1. Could you look through segment 242-262, keep only residues that are touching a Lys or Arg at 6+ places or on another chain (Cβ under 6 Å) and either charged (D, E, K, R) or not assigned by TED's automatic domain parsing to the domain that holds A279 (or both), and pick out the one that is modelled with the lowest pLDDT?
2. Restricting attention to segment 611-626, which residues are β-branched (V, I, T) and surrounded by 16 or more Cβ atoms within 10 Å (Cβ to Cβ)?
3. Given the criterion of a type in the set (G, A, S) and without any contact (Cβ under 8 Å) to a residue 24 or more places away in the chain, identify the matching residue among A291, A310.
4. Identify, by number, the condition in (1) at pLDDT 90 or above; (2) surrounded by fewer than 21 Cβ atoms within 10 Å (Cβ to Cβ) that H549 doesn't meet.
5. Which of the residues spanning segment 476-498 are under 16 Å from E464 (Cβ atoms) and either away from the ligand (no atom under 16 Å from the Cβ) or modelled with pLDDT under 95 (or both)?
6. Just give me the residues in segment 658-669 being buried (at least 19 other Cβ atoms within 10 Å of the Cβ) and within 14 Å of R619 (Cα to Cα), in sequence order.
7. Among what's in segment 150-192 and is assigned to a loop (DSSP other than H, G, I, E, B), surrounded by fewer than 17 Cβ atoms within 10 Å (Cβ to Cβ) and of a type in the set (G, A, S), pick the residue that is modelled with the highest pLDDT.
8. Hey, among the residues in segment 132-149 that are part of a loop (DSSP other than H, G, I, E, B) and buried (at least 18 other Cβ atoms within 10 Å of the Cβ), which one's farthest from the chain's Cα centre (by Cα)?
Amino acid sequence: MQIIISHVNTDFDALASMLAAKKLYPNAKLVVSDKQNAAVNQFLAIYRDSIDLIQDHLIDWSDVTELILVDVASLERTGNYANELNTENVQITVYDHHPPQDDDVKSLNGSIELVGATVTLLIEEIRKRSLPVSSFEATVFGLGIYTDTGSFTYSNTTSRDLAAASFLMDQGMNLEIIQRFSDQMLFQQQQEIFNQLLLQSTEYEMDGLNIIVSSYQQKKFQGGLSTLTRKLLETTGADAVLTIVEMQKRVYIVGRASSDRINFLPLVTEWGGGGHEKAASATLKKVDLDAVVPQVISKLEQILKPAITARVIMASPVKSIPPEMTIEEAANLMYRYGHTGFPIVKDDELVGIISRRDLDKATHHGLGHAPVKAYMSSKVISIHPDTSLEEIQTIMIKHDVGRLPVVDQGKLVGILSRTNVIEILHNQALKEDLQQSAINELHNNLRAKMKNQLPEAVFQLLKEIGTTATNSNTSVFLIGGIVRDIILGRPNDDIDIVVEGDGIGFSHQLVKDYGGEVKTHEDFGTATWTHPTGLKIDITSSRLEYYDHPAALPDVEHSTLKEDLYRRDFTINAMAICLDQKKFGHLVDPFQGKTHLEEKTIKVLYNLSFIEDPTRILRAARFETRFQFSMDDHTKELALISIDKMKALSATRINHELEKLFTEDYPSQALKRLFELQFWQQFGIQGSHLTQCFTHGQRLEEFYKNKHSYKTLDQKPSWFMYFLIPFYYENDLKGAQRFALTKKDNKLLKEISDLKAQDPWKHSSDMGELHQLLKPYSAESIVFFITNELRDDERVLNYLQARENLPTYLTGEDLKNSGLKPGPLFSSVLLDLEIAVLNDQVQTKEQAFKWLHEKIK
Ligand code: CTP
């Protein structure tokens, strides 16, 4: 059995498309649900007998072999049919004009195209097959087209809809009927709801757009909410209207918009709804109106597409004139440039504007020698670069001005004329292009993130750097780890910038502009600028090839930054943010670093990366543990085939990286990862003790986290403790010797080696004995052993605690006063006293003195 169905709340396009589909599939049954929109309901009340419709509950769904879906592509939106169908054995054909969505059925038959009405697609097919169309059919099809295109006024209308309507005209489409049903007058009950919605509406002014949200609740179901919403849009003149109505325990959300900057889809799809960008709806079950309304309001921002702003459409730079220029000179200039007006600027500030008409008049009255300032309009209406196209139109209409200077922080940065605006409004392709670049710009502009995240002083400083860059015609970029961290929302105060051109010269310019000091390294073309606030900025020059090919400047300019980024370690570290005034905050991301951040992937930029710099393998492990990311398969493979290069590196370089790695948050995870990357294996450590090493590392982490109150311990284990773990289990502490470069590390290594060899606590039974043996050892090396899973840690732990809190009952002075001569004897007596205290034989100062006298005797 073949079935033709459409979406619930059947509208005219759905009904028309079903009837048109029936012409292509004459044996199919037309199935409707009980729910039609109000106008369709009215229409069917008169014409039901003319259309062979079957109610859905009369169909045996197990017999269905072929399904023709019209004006819908998702089974979910056809009501309850979807549940009853065994779709696996059913062939599905789709005719639809809605933008594709995730839950759409996959079908190779039919046609899905973004025309104004679905029925247009079917009429085209009917015409192709030269099928006859009756006057009644033409009228129903026409209703579909007229209602879905708002009588050809909605922006979804295409020439194909008009061509289809023209064809229908020839087939006898009845316009009177069309007008009667498409005008969609409100019925009495609808009128009541409409009045309520109008009363309950709240206006939101967002980014130059006026959005109305209106909610209402009634027990009885009343159809036609989409008509009501559209009427509300027309009546209020808003850019968008969202109605939220609760009826019969369901909440209906309907959105209608007149502005191209609205897209309801992200909002309604969250609730399983659908439709078009500017006309969409969703039905919510088992929810309260009171809960839904605030949710919708909180998500309003999601429906806004970024504005086309003055910044992208203005003419810049602007030809301006000084106030003292004579009328005659100004008129000559105006004719030369063919402009119709000039802004007048004094000390960089906009002070007035003069039009060609004013100049002509003044000349006519023989005032050619007077300065323009005498005849300029000094009350200039200007706009900010962020003003949206919508606001610009409003301002031009309200003030009846055809020329708007664009001013940023008092400075004239551009100018916009009526012609610019009209050009965009009447060139849909240009408008869409600008819209798309506004969307890209929004995604790639990190200005807001920078402002929120960076300390105010740093943000201001970066802006200052941008100003100097713009004034000196250079481009400057924030680069490296800080860019990654701005995107991730993590703090980072390492400010590295790269100058396209001469970094050293630029650093001197910064000192001239803002003070501070600069240290330069001529050989490398780098400098460090210390701002008067103490902030330090590292400055590098991008490629010196820059100077080699002056003729190819613009191209080279661009590629130098890209080259600089390409030489870096990972894509997530190869991004830059432009600081130039006009493009401040713009992300330069030629290698998909941002995507890889979202995908949590660490990826090298070129295959030789690890060979050239094997420390990058340790950096990769560091970023893996820090961000809980992982290398992609290819990068991991490259790491494995390059790891043997690690052996050729100096201990200093390896230590430098390991120190960073093991002071990150999950050092034991990193320790384990280095086994997987064959790092330890390069130094003779095989993987057989991996589990023990990992557990030891974790216990060490835990110990410091919970018991860092030990006075003699640092806040965190030193990186060298983690480093020694694998050597310890491999019985090869000697192998670690070449990495013990500092006194502190040497001491730790020696103590751990001694303790391991002597195993002092094995034979000691009481605290005193433990003290006798462990006194020379630092708490750090003792903790290394306590956290070793093979040890009986309680006893040593108690000892360490007691040792930390050991009271000093007697001093060297006391010993002297008791007649003892200073010398090695002193420390031996004091050690004995500590043993006595630890064994509870001495508990007070008096007892200590008594103990001393006994001893002397
Ligand atoms: N870099 C590199 N290869 C290295 C070291 C550094 O390509 N072996 C590049 C990376 O692009 C890195 C930048 O130099 O982003 C700055 O290095 P550094 O400050 O060491 O690293 P960060 O990425 O800032 O990391 P962290 O947050 O740990 O400081």
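1. R261
2. The first filter runs over segment 611-626 and keeps only residues β-branched (V, I, T), leaving 611, 615, 617, 625.
The answer is T615, I617, T625.
3. Values: A310 fails: without any contact (Cβ under 8 Å) to a residue 24 or more places away in the chain.
Just one listed residue meets the conditions, A291.
4. Result: H549 passes all but (1).
5. Passing the criteria: only V476.
6. As a first pass, look at segment 658-669 and keep what is buried (at least 19 other Cβ atoms within 10 Å of the Cβ): 658, 661-662, 667-668.
Matches in segment 658-669: L658, L661, F662, P667.
7. For segment 150-192, the residue satisfying everything is G172.
8. Filtering segment 132-149 for residues part of a loop (DSSP other than H, G, I, E, B) gives 132-134, 149.
Add one more test, that the residue is buried (at least 18 other Cβ atoms within 10 Å of the Cβ), and what stays is 133, 149.
Working: V133: 53, T149: 36 Å.
Step by step, filter segment 132-149, then rank; the result is V133.
The values are calculated or read from the model by the stated rules, or taken from the named source; none is laboratory data. Remember, predicted model here, so these are calculated numbers, not experimental data. All Cβ positions, glycine included, derive from the backbone under ideal geometry; neighbour counts span all protein chains shown.
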